[in-house]
Amino acid sequence: MEILVCVKRVPTVGGAITLTGDQRAVDTSASGFTISPHEECAVEEAVRLTERFGGSVTVASLGPPAAEEQLRACLAVGASAAVLIETPEGTETGPLATAAALHAVAAAGDFALVLLGNEASDTGDYQVGIRLAHLLGRPVATGIKELTAANDGATLAATRTYRGRVETFTLPLPAVIAVKEGINLPRYPSLPGRLRARRAPVSRIPAAEAIPPAAAAAPEVRMTRLRVPDLPRKQTTVLGSGPQAVPALVALLAELRVIE
Amino acid sequence: MTVCCLVELDGGAVTDASLRALTFARGLAVDGSGLMAVLFGEDDPGAAAAAELTAFGVTRWLGVTENGGYAPLAQARVLARAAGGAEPASILLAAATEHGAEVMAHVAAITGLPLAANCTAVAPGAAGEWQVTRQRWAGLLLEEAVISGPTALLTVAPEAAEAVALESVRQSAGTGELLADIPADEPGLVVRADQRPAGAGGGSLASARVVVGGGRGVGGAGGFAPLEELAGLLGGVVGVSRVVTSEGWRPHSMQVGQTGTKITPDLYLACGISGAIQHFAGCSGARHIIAVNTDPGAPMMTRADYAVVGDLHQVLPALISALRDRAAGQPSSVQR
């Protein structure tokens, strides 16, 4: 089974989000980068499917030259080929053009399955996978937390839970599936994996070549500026230290009517 | 021009998320052109929900009989047609639920229009444009943006509006129709969901009144007994931070946060959780937060309403014993 997994380089955000001076980007001068958690699981799921059915995993990313780092991280955990659709540093590509760029890679190969994360953790556009499926003319399912392949590898049962109901979509391959964290527990890279990833080639295509002019000119949502919402500054009441705080804690639970 | 809203039903009633979206949409349909709802379900879903739709300001609805289960692409085709045509809707929107998000993404792909996901505010801009505020990073960051086109496609974040019915119901009820001509499924492309009830525990984290949270401070897969016992005493459930699920101590279905579940309990009791911002993306909807942590400077402690400095493995057993004594009508045995 040949599988394409689409991943995105996003900042590692821990304590707080800070913006650049022009308020048009997240300040990443002090942060590292990673791929979205959903995508980490997409890569792992793809590797597991090829371990069962044979075939190989290709990873693709639309991003700046430095996104090579994220592609190599995927190579270290079992992907065997990587494609970087290169954008100029500091530019942001909208979901319509992103899907068109990924389509160029997806249509060039013979992929039975294209896996993505359900949404990128930074921009959260919730649409690239579905736009890509339409460009490919393939069925799609999103928000998937469990994938079960039929024994012949010709169909996939894709499952999630929504409003207390388990929903299962049965997709004939080829198909596009956007998964969520929790579908699996991604493996750590092995030492041989890391060594292999360091030497593996990463092919590069300029985004301007991958994105057809019509898609590049299509209207996108145009960001004017970013803003960190004001977190309500809470006055924290310290109830005490250790078990000595318990009477105050019990009184509080009663006051909040959590206990009778 | 009409504002058109996808309305989701649960057991024939409009979901809270869709009532919020309708309330939000009503605020955009102020030029008298009307608020249209499109609903999918068994038999005649519009007729069943007519009173609710009218109470929320819907002037016209289109009911669609859904045969063979939920299919996002099939819903999107109906929506694209209902909102398009010679006089397109100015705005087509849905609640930013899993269903709303994917149906709207299909509409965007069908029409080639931009889609702004998780909007919290929308206002008219220049001609043919709307100014939107939308969430990035699950709401930890906001984006001010402009969306243009014959129809603005949006999903609406739950934070955008509370569900509020009209103060005085209009003289005339809304009018509705049942769609007669439903586009046929393209085999192999339109996939329909097989839906069955989830087993016990499904979705209980999202709706729990009390959540007892555990993080790295729990120490390992074997350390959750006091959290589970406390959750039982308080009529709540246990939730966990991302580190707990990525270490495999507990399943991902218990995760609170950006990539897990968003919770809205009356009380969130966060134990041994340092509080990465991705965690706040999941728990900031809690009415009250109590944090228990050995580090008084941890973000979870400084952003909580109440804090207890200490090891959860000492504090929780003492709390459990005090709650048991209290329930048995005995004075607290905790040493002051």
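The values are calculated or read from the model by the stated rules, or taken from the named source; none is laboratory data. Note that this is a predicted model, so its numbers are computed, not measured. Note: ideal-geometry Cβ built from the backbone for every residue, glycine included; neighbour counts use all protein chains shown. Each accessible area value is taken on the protein alone, full model and side chains, heavy atoms only, with ligands, DNA and RNA left out. Shrake-Rupley method; radii C 1.70, N 1.55, O 1.52, S 1.80 Å.
May I ask you to derive the relative contact order of chain A, considering only C-alpha pairs under 8 Å and at least 6 residues apart, and to give it as an integer percent?
24 percent
Order of A:224-230, B:257-263, A:206-212, B:50-56 by packing, highest average Cβ count within 10 Å first?
Output ranking for A:224-230, B:257-263, A:206-212, B:50-56: B:257-263, B:50-56, A:206-212, A:224-230.
I need the peptides B:118-129, A:58-69 ranked by packing, meaning the mean over residues of other C-beta atoms within 10 angstrom, with the highest value on top.
The packing order, highest mean first, is A:58-69, B:118-129.
Note down the magnitude of the dipole of the protein assembly as shown about its Cα centre, charges +1 on Lys and Arg C-beta and -1 on Asp and Glu C-beta and zero elsewhere, to the nearest 20 debye.
Result for the protein assembly as shown is approximately 1240 debye, rounded to the nearest 20.
For the range B:34-153, what is the relative contact order in percent, using Cα pairs closer than 8 Å and at least 6 residues apart in sequence?
20 percent
Averaged per residue, what accessible surface does the range A:2-217 expose to a 1.4 Å probe, in Å²? If you can, show how the numbers build up before the last one.
Numbers: 8680 Å² over 216 residues.
Heavy-atom SASA per residue in the range A:2-217 reads 40 Å².
Note down the magnitude of the dipole of the range A:2-217 about its Cα centre, charges +1 on Lys and Arg C-beta and -1 on Asp and Glu C-beta and zero elsewhere, to the nearest 20 debye.
On the way: 19 positive and 22 negative charges, 90 e Å.
I would put it at about 440 debye.
With the crude spin-label approximation of a point 7 Å out along Cα→Cβ, what separation in nm comes out for residue B:121 versus residue B:294?
Going from the residue B:121 label point to the residue B:294 one covers 4.4 nm.
Report the residues of the range B:43-77 in range of a label on residue B:178: point 7 Å along Cα→C-beta, backbone N strictly under 19 Å from it.
Answer for this model: B:43-54, B:60-70, B:75.
Residues with amide H under 5 Å of residue B:255's amide H, sequence separation 5 or more or different chain, H placed in the peptide plane at 1.01 Å from N; which?
Placed amide hydrogens put B:240, B:261 under 5 Å from residue B:255.
Suppose each label sits 7 Å from its Cα in the direction of the beta carbon; what would the residue B:42-residue A:227 distance come out to in nanometres?
Output for this residue pair reads 4.5 nm.
Each label point is 7 Å from the Cα along the Cα-to-Cβ direction; what then is the distance between the points at residue A:251 and residue A:199, in nm?
Between residue A:251 and residue A:199, the simple spin-label model gives 6.9 nm.
Could you give the length gained by full extension between residue A:80 and residue A:234, i.e. 0.36 nm per residue of separation minus their alpha carbon distance, to one decimal place? Provide the component values of the computation, followed by the final result.
Numbers: separation 154, 0.36 × 154 = 55.44 nm, distance 4.91 nm.
Working it through step by step, the gained length comes to 50.5 nm.
In whole Hz, what ³J(HN,Hα) sequence does the range B:111-125 give by Karplus (6.51, -1.76, 1.60; θ = phi - 60°), x for Gly and Pro?
8, x, 8, x, 10, 9, 8, 6, 6, 10, 7, 9, 9, x, x
Of all trypsin sites (Lys or Arg not before Pro) in the range A:1-101, which ones are in loop regions per DSSP and have a Cβ with at most 16 other Cβ atoms within 10 Å?
Values: sites: A:8, A:9, A:24, A:48, A:52, A:72; in loops: A:8, A:24.
Filter output for the range A:1-101: A:24.
Using the charge dipole of the range A:2-217 (Lys, Arg: +1 at Cβ; Asp, Glu: -1 at Cβ; taken about the Cα centre), state which of A:126, A:100, A:161 has its Cα farthest towards the positive end.
Working it through, the farthest residue towards the positive pole turns out to be A:161.
Taking only C-alpha pairs under 8 Å that are 6+ residues apart, what is the relative contact order of chain B in percent?
14 percent
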